[in-house]
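Report on one structure; see the data block that follows.
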Amino acid sequence: MAMNQLYEKESTAFFTKTDGNISSPAGFFAGGLHCGIKRKRPDLGWLYSAVPAQAAAVYTTNQFQAAPIQITKESIMESGKLSGIIVNSGNANSFTGNEGLRHARLMREWFAAQIGVNESLIGVASTGVIGELLPVEKIETGIRRIEKEGTSHPDLFEKAILTTDTFQKRACVTLEIDGKTVTVAGCAKGSGMIHPNMATMLAFITTDAKVEAAALQNLLKQTVDETFNMITVDGDTSTNDMVVVMANGLAGNDTLSYAHPDWKKFAESFAYIARELAKQIARDGEGATKLVEVCVTGAETEKEAQTVAKTVIGSNLVKAAVFGADANWGRIINAIGYSGVQVDEQTLSIRIGGIPVVEKGMPASYSEDEAHAYLKENDKICIAIDLGAGTCQGTAWGCDLTYDYVKINATYRS
């Protein structure tokens with residue numbers, strides 16, 4: 001079994017998985033509505049905390065960062081805290097110049113006024129078509145309809161942030177810290193333009209834990225590198241997307257930092273939320289029918305393991321073979337070969353769903369019918385690669401490449 005699978009199984013001892021949502025941590029409220037950006041579905045979502053929350057964020061590496069990201073950066077840099085986030089879907093407000101920045105600031109201003117906080121405590125997120133100005137009059141009208149206190153409709157928030165997604169994505173856990181019950185929850189959107197280094201993906205994580213600022217930012221960055229940055233759907237990286245975490249401290253625990261005896265429990269609970277959301281995004285790749293997991297072991301460094309895993313999961317030929325239920329392991333070999341990692345073929349072994357197809361650099365004897373059946377009948381496909389060179393490991397997630405992916409992206413604006 002791959003390390004990451006073992007890690008997931010063992011780490012659940014630190015927390016309890018629940019069917020909670022983004023507003024399950026104490027003091028968080030969320031909702032969504034239809035304001036008219038889209039034809040019918042919810043397209044305006046909001047999330048806020050009863051008290052200012054310690055905030056951390058990681059942003060897309062695309063050099064054309066959209067206006068909402070720039071505004072969210074401004075807010076977090078001012079005090080390190082957020083009280084809320086306003087999100088629209090259907091329009092990315094990206095590559096829209098100074099007018100786009102003005103519109104993002106207006107969203108921040110209007111939402112801050114609606115919930116009664118300083119606008120520097122508000123983040124903004126947008127997702128959708130690039131290069132079109134926001135219909136700000138519709139957004140302003142929608143924000144004025146937001147109820148300030150006492151109500152939460154997280155299901156509507158989850159729906160309001162979606163674009164081409166086919167399902168809502170959420171995860172929630174509870175754990176005990178300092179004798180207090182702490183909740184960590186998250187939700188996300190993402191289906192296309194998904195590639196390591198943050199792609200068309202928005203993820204929001206909330207917790208009622210009290211966490212030191214530097215520790216929270218460092219934990220988020222490390223966790224993103226091991227989860228969201230290990231998924232790919234189509235190799236495209238978007239202009240808009242980010243992961244934001246808010247920790248409001250209402251659970252009443254002592255401040256969590258690296259020195260806290262329960263830091264490991266919290267960090268692994270946090271990582272579980274991010275990993276679950278990342279896998280759900282990979283599973284929901286546009287047109288996808290299967291989640292593909294590539295587990296690499298036996299690498300000399302963790303970076304090399306991650307590089308090989310991401311290269312294989314990103315190979316269109318591998319993805320197409322999975323869709324066609326074709327155990328063409330030569331495509332896996334090909335991807336490993338151009339990954340840039342030096343691999344001794346005589347120590348290389350590969351398994352597809354536990355079926356050995358390469359053993360120590362030689363083709364293994366296996367049943368093509370058995371391999372075909374595994375690829376055809378399962379909606380999660382596991383590819384295990386042992387480089388035979390060291391003790392480091394890495395896991396990446398993606399999906400198959402189907403006819404529907406082309407259909408969806410050929411008509412995205414129509």
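The values are calculated or read from the model by the stated rules, or taken from the named source; none is laboratory data. Owing to the predicted nature of the structure, the values given are computational and were not obtained by experimental measurement. As a convention, Cβ positions derive from the backbone with ideal geometry for all residues, glycine included, and neighbour counts pool all protein chains shown. Surface accessibility is based on the protein's heavy atoms, side chains included, excluding ligands, DNA and RNA. Shrake-Rupley method; radii C 1.70, N 1.55, O 1.52, S 1.80 Å.
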Self-check item: Rounded if a/c under 1.5, otherwise prolate or oblate - the stretch 207-348, Cα gyration tensor axes
Solution: prolate
Practice problem: Evaluate the charge dipole of the stretch 277-325 about its Cα centre and quote only its size in Debye, nearest 20, assuming +1 on the Cβ of each Lys and Arg and -1 on the Cβ of each Asp and Glu. | Solution: 160 debye
Quiz prompt | Signed unit charges on C-beta, dipole axis of the chain, positive-most listed residue Pro154, Gly179, Val245 | solution = Pro154
Quiz item: Once the dipole of the chain is set up with Lys and Arg at +1 and Asp and Glu at -1 on Cβ about the Cα centre, which of Gly298, Ile350, His372 lies farthest towards its positive end?
Solution: His372
Self-check item: Convex hull volume of the stretch 273-325 per residue (C-alpha atoms, cubic angstrom)
Solution: 90 Å³
Practice problem: Could you grab the relative contact order for the stretch 35-89? Cα pairs under 8 Å, six or more apart, rounded to a whole percent. | Solution: 55 percent
Quiz prompt | Cross-link partners of Lys265 among lysines (Cα-Cα below 22 Å; sequence separation of 8 or more within a chain) | solution = Lys9, Lys17, Lys180, Lys210, Lys221, Lys279
Self-check item: Cross-link reach list, lysines versus Lys138, counting only Cα pairs under 27 Å and skipping chain neighbours closer than eight places
Solution: Lys38, Lys40, Lys73, Lys148, Lys159, Lys169, Lys189
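Starting from the alpha-carbon convex hull of the stretch 302-414, give the projected area averaged over all orientations, in nm².
Working: hull surface 30.9 nm².
Spelled out: convex hull of the Cα atoms, projected over all directions, averaged, 7.7 nm².
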Quiz item: Quick one: if you stick a label point 7 Å off each Cα along the C-beta vector at Thr347 and Ser79, how many nm between them?
Solution: 5.4 nm
Quiz item: Of (1) -0.25, -0.33, -0.80; (2) -0.25, -0.34, -0.89; (3) -0.30, -0.41, -0.98, which one was derived for log10 I(q)/I(0) by the Debye sum over Cα atoms at q = 0.06, 0.07, 0.11 Å⁻¹ from the structure shown?
Solution: (1)
Practice problem: Give me the distance in nm between label points sitting 7 Å out from Cα along the Cα-to-Cβ direction at Asp369 and Thr301, one decimal. | Solution: 4.7 nm
Quiz item: Percent antiparallel among DSSP beta bridges with both residues in the chain, to the nearest 5?
Solution: 70 percent
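About its Cα centre, what dipole magnitude does the chain give when the only charges are +1 on Lys and Arg Cβ and -1 on Asp and Glu Cβ, stated in debye to the nearest 20?
Numbers: 38 positive and 48 negative charges, 221 e Å.
Computed about the Cα centre, the dipole is about 1060 debye.
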Quiz item: Of all accessible surface on the chain at a 1.4 Å probe, what whole percent is carbon and sulfur?
Solution: 49 percent
Quiz prompt | Debye, to nearest 20: dipole size of the stretch 1-152, +1 on Lys, Arg Cβ, -1 on Asp, Glu Cβ | solution = 300 debye
Quiz prompt | 13 Å Cα-Cα reach of Lys310 towards aspartates and glutamates, excluding residues that sit fewer than 8 places from it in its own chain | solution = Asp225, Glu226, Asp234, Glu293, Glu302
Quiz prompt | Solvent exposure of the chain as accessible area per residue, Å², 1.4 Å probe | solution = 41 Å²
Quiz item: With every protein chain in place, what's the accessible area of Lys265 (1.4 Å probe, Å², nearest 10)?
Solution: 50 Å²
Quiz item: Which parts of the stretch 10-40 would a label at Thr141 reach, counting a residue when its backbone N lies under 14 Å from a point 7 Å out along Cα-to-Cβ?
Solution: 34-40
